[in-house]
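Comments concern the structure below.
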Amino acid sequence: MHKAEPEYAPTQQPEPFHDPVPRHAPSPRPRRGTPPPPAAPPTAGRTPRPRRKRHPFRWFLVFLLVLVVASVAGVINLDGKLTRIDALAGYTDRVGNTPGTNWLLVGSDGRGGLSSEQEQELATGGDVGPERTDTIMLVHIPKSGRTTLVSLPRDSYVGIPGHGKDKLNAAFAFGGPQLLVQTVEGATGLRIDHYAQIGFAGFAGIVDTLGGIDVCVPKPIDDPLAGIDLEAGCQKLDGPESLGFVRSRATALADIDRMNNQRLFMAALLQKATSGATLANPFKLWPLATDTAGSLKVDEDDHIWDLGRLGWAMRGDTVATTVPVGGFDDVDGSGNVLLWDKTKASAFFEALADDRSIPEELLTR
């Protein structure tokens, strides 16, 4: 028997060995003393939250809307504080509409709501009978050009419907605002579109709300009846002093000086009330608007925005003058009265009725 031949494994071909590369290289060892970086939060199963977009313009619109709503609410509130009266009632043969806009501004000696202490402080003079007007001004706002402020002397000797001829302010005592408006329309030929009236307390209160008014007093005034003793020169007047300044006739030209002082004061008041320091400061503007609205009596159809347009029209270079004066006279039953220059006054008011500038030779500076 033959021995079985040993079996050998088949010859194998050598294959190269490849060391598998790790999926993630190991992080380098942190240096001694250096804290390891924080581990990343797990992200498996979570959707990244989108970043919220900023909308600054949207917030600006919201702020603007709130501002507009607050402003409208404020205007409505102020309009509701106005005291409305029937001042512009119709009557037979009333003057027709004239171009431009005409206001009649009246400062009355009304003492409604004043205590005895306030009457003494404001030197109102106590009870003087029927309410009269210390200040009567006509404001003409043209369609274009400068606004004209005309002082109508309260002692002007004019025809009063139903009462013959008398002083202009007697019309107010006889028939209130309606008769005063009718008398002014008949004397000037101008149709009055708006009416505003203020009494003693409201007048002084507005001045004090503004912190006083800077006025250049042209001549010294010592008038115990008006409660003032003012030196000539520029100075700040408080409410009671301002009231005395526009009421006093204790000067050489009496009523003429008083009208000039009223125009000086009106210009100073409007300058401060419409200044940037007042309009940009809500802590000044709102009390001023509130006090003004609460102190005024206006016609039934007048609103706070009408007063705003009036103040805006008078804030600039206003023509301030008075009706041409012809002289004075003593009349039985009326006392000393002021006479208009008929020829000049006719041309004066005819220019306003035509919405034209008043000729320079007719102006009283």
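Looking at G316, G311, G333, just one residue is under 27 Å from L270 (Cβ atoms) and open to solvent by 40 Å² or more (accessible area, probe 1.4 Å), and that residue is G316. When W340 is tested against (1) closer than 22 Å to L179 by Cβ; (2) hydrophobic (A, V, I, L, M, F, W, C); (3) modelled with pLDDT under 95, only condition (3) is not met. Return yes or no: is V207 touching a strand residue (DSSP E or B) at 6+ places or on another chain (Cβ under 7 Å), modelled with pLDDT of 95 or more and of a type in the set (V, I, T)? Spelling it out, it is not the case that V207 is touching a strand residue (DSSP E or B) at 6+ places or on another chain (Cβ under 7 Å), modelled with pLDDT of 95 or more and of a type in the set (V, I, T).
How about region 160-177: which of its residues are hydrophobic (A, V, I, L, M, F, W, C), part of a helix (DSSP H, G or I) and either closer than 30 Å to W286 by Cβ or open to solvent by less than 10 Å² (accessible area, probe 1.4 Å) (or both)?
Of everything in region 160-177, those that are hydrophobic (A, V, I, L, M, F, W, C), part of a helix (DSSP H, G or I) and either closer than 30 Å to W286 by Cβ or open to solvent by less than 10 Å² (accessible area, probe 1.4 Å) (or both) turn out to be L168, A170, A171.
Where in region 310-365 are there strands (runs of 3 or more DSSP E), lying fully within it, with 3 or more residues that are under 28 Å from the mean Cα position of the chain (by Cα) and not charged (D, E, K, R)?
Numbers: elements: 319-322, 325-331, 335-340.
Per the criteria, 319-322.
H303 meets each of the listed conditions (1) open to solvent by 20 Å² or more (accessible area, probe 1.4 Å); (2) under 23 Å from D257 (Cα atoms); (3) in contact with a helix residue (DSSP H, G or I) (Cβ under 7 Å, 6 or more places away or on another chain) apart from (2).
Across region 236-287, the qualifying residues are those that are of a type in the set (G, A, S) and open to solvent by less than 40 Å² (accessible area, probe 1.4 Å), and the one among them that is modelled with the lowest pLDDT is A254.
Output the residues belonging to region 131-159 that are touching a Gly at 6+ places or on another chain (Cβ under 7 Å), open to solvent by 10 Å² or more (accessible area, probe 1.4 Å) and assigned to a strand (DSSP E or B).
Listed by number, the residues that qualify are D134, T135, I141, G159.
Give D299, D306, D238, D332 a once-over and let me know the one that is touching a strand residue (DSSP E or B) at 6+ places or on another chain (Cβ under 9 Å), of a type in the set (D, E) and more than 30 Å from G145 (Cβ to Cβ). When all the criteria are applied, what remains is D238.
The values are calculated or read from the model by the stated rules, or taken from the named source; none is laboratory data. Note that the structure is a prediction, hence the values are computed from the model and not measured. Quick reminder, even Gly has a Cβ in these numbers, built from the backbone with ideal geometry, and neighbours come from all protein chains shown. Quick note on the areas: whole protein, heavy atoms, side chains included, nothing else; ligands and nucleic acids left out. Shrake-Rupley method; radii C 1.70, N 1.55, O 1.52, S 1.80 Å.
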